[in-house]
Amino acid sequence: MSLVVFDLDGTLVDSRRDLAESTNEMLSSYGATPMPVETVAAMVGEGAKVLVQRALATAGLDPDEPEALARFREIYDRRLLVHTRPYDGIVDVVRTLGMSRTLAVLTNKPEAPSIRLLQAFELAGAFRRVVGGDSGVARKPDPAGLQSVMSEFGVGPRHTWLVGDSMIDVETARRAGVRMCVALYGFGQLRGGLDLDGTEALVHSPAGIPAAIRDVRTDE
């Protein structure tokens, strides 16, 4: 059996605009000036709390504003599906891979909105497990969530792939000793350059994922 674990934001779905507009609505409620979409997208990846703290600090506000996180979550819950869509081709890729692989999602986004997104795009049924940032295990890049999925399905590192778009995902894969497929079409590089070592599979579109995870290191 082989296991393919997907990141969510920037890998399965393009959520930049909804995240940015939610962040900006939260900032506006404190009298701050909205920020460009790409600026906010560069803050995404380590959970809502970190995103809110970064946005507040960048806007010159107290990053520990006590009500800000709850305010952001309420706003984002309303905006979750306004503009967010799966990347072109990702639905077919997931359905194809699901015919021969065990699939899971590992994200630092909370579990409930993650499942809601997957259900909205009829992807939920393809994934055997969804691990969110509030699922009771340490968040990426800690490998605990990935290791829990591997343990649940009895799959070792040599037969596990992590597909993600940022260094957070790359570091998670390294710590867990699994294979890494980097989704260069995502927005993870906005958070900083990718420090790769040449062992990763690189894809420029979702359509490249099946071949990449089939052809790399198949001799093992």
Can you tell me how many residues in the stretch 74-96 are of a type in the set (S, T, N, Q) and either free of Cβ contacts under 8 Å to residues at least 60 places away in the same chain or part of a loop (DSSP other than H, G, I, E, B) (or both)? 1
Test: ALA126 is touching a Gly at 6+ places or on another chain (Cβ under 8 Å) and small (Gly, Ala, Ser): yes
Taking the stretch 109-148, which residues are outside any helix (DSSP H, G or I) and among the charged types (D, E, K, R)? LYS109, GLU122, ARG128, ARG129, ASP134, ARG139, LYS140, ASP142
So, first residue at positive phi in the stretch 162-182, second residue not in a strand (DSSP E or B), Cβ within less than 9 Å, six or more apart or across chains; the pairs are GLY177/PRO143; GLY177/GLY156; GLY177/PRO157; GLY177/ARG158
For the stretch 154-210, which positions are under 20 Å from SER2 (Cβ atoms), charged (D, E, K, R) and either surrounded by 20 or more Cβ atoms within 10 Å (Cβ to Cβ) or not assigned by TED's automatic domain parsing to the domain that holds VAL131 (or both)? ASP169, ARG179
Has the stretch 101-116 got at least one residue that is of a type in the set (A, V, I, L, M), in contact with a helix residue (DSSP H, G or I) (Cβ under 9 Å, 6 or more places away or on another chain) and within 17 Å of GLY186 (Cα to Cα)? yes
If you scan the stretch 123-152, which residues turn out to be touching a residue at least 24 places away in the same chain (Cβ under 8 Å), touching a Leu at 6+ places or on another chain (Cβ under 9 Å) and within 22 Å of SER2 (Cβ to Cβ)? LEU123, ALA126, PHE127, ARG128, ARG129, VAL130, VAL131, LYS140, GLY145, LEU146, VAL149, MET150
Looking at ARG71, ARG158 in this structure, which one is more than 18 Å from the chain's Cα centre (by Cα), closer than 21 Å to VAL44 by Cα, in contact (Cβ under 8 Å) with a residue 40 or more places away in the chain and not in a strand (DSSP E or B)? ARG71
Residues of the stretch 169-195 being among the hydrophobic types (A, V, I, L, M, F, W, C) and either at pLDDT below 95 or within 17 Å of ASP92 (Cα to Cα) (or both), which ones? ALA183, PHE187, LEU190, LEU194
Of the numbered conditions (1) of a type outside the set (Ser, Thr, Tyr); (2) assigned to a strand (DSSP E or B); (3) within 19 Å of VAL203 (Cα to Cα), ARG174 satisfies every one except a single condition; which is it? (2)
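Regarding ALA41, is this residue within 17 Å of ASP134 (Cα to Cα), crowded, with 19+ Cβ neighbours inside 10 Å and under 22 Å from the mean Cα position of the chain (by Cα)?
For ALA41, the condition - within 17 Å of ASP134 (Cα to Cα), crowded, with 19+ Cβ neighbours inside 10 Å and under 22 Å from the mean Cα position of the chain (by Cα) - is not met.
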Of residues in the stretch 97-108 being part of a loop (DSSP other than H, G, I, E, B) and either more than 17 Å from the chain's Cα centre (by Cα) or among the β-branched types (Val, Ile, Thr) (or both), the one nearest to PHE6 (Cα to Cα): THR107
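The values are calculated or read from the model by the stated rules, or taken from the named source; none is laboratory data. Small disclaimer: the values here were computed from a predicted structure and weren't measured. Every residue, glycine among them, receives a Cβ derived from its backbone with ideal geometry; neighbour counts consider all protein chains shown.
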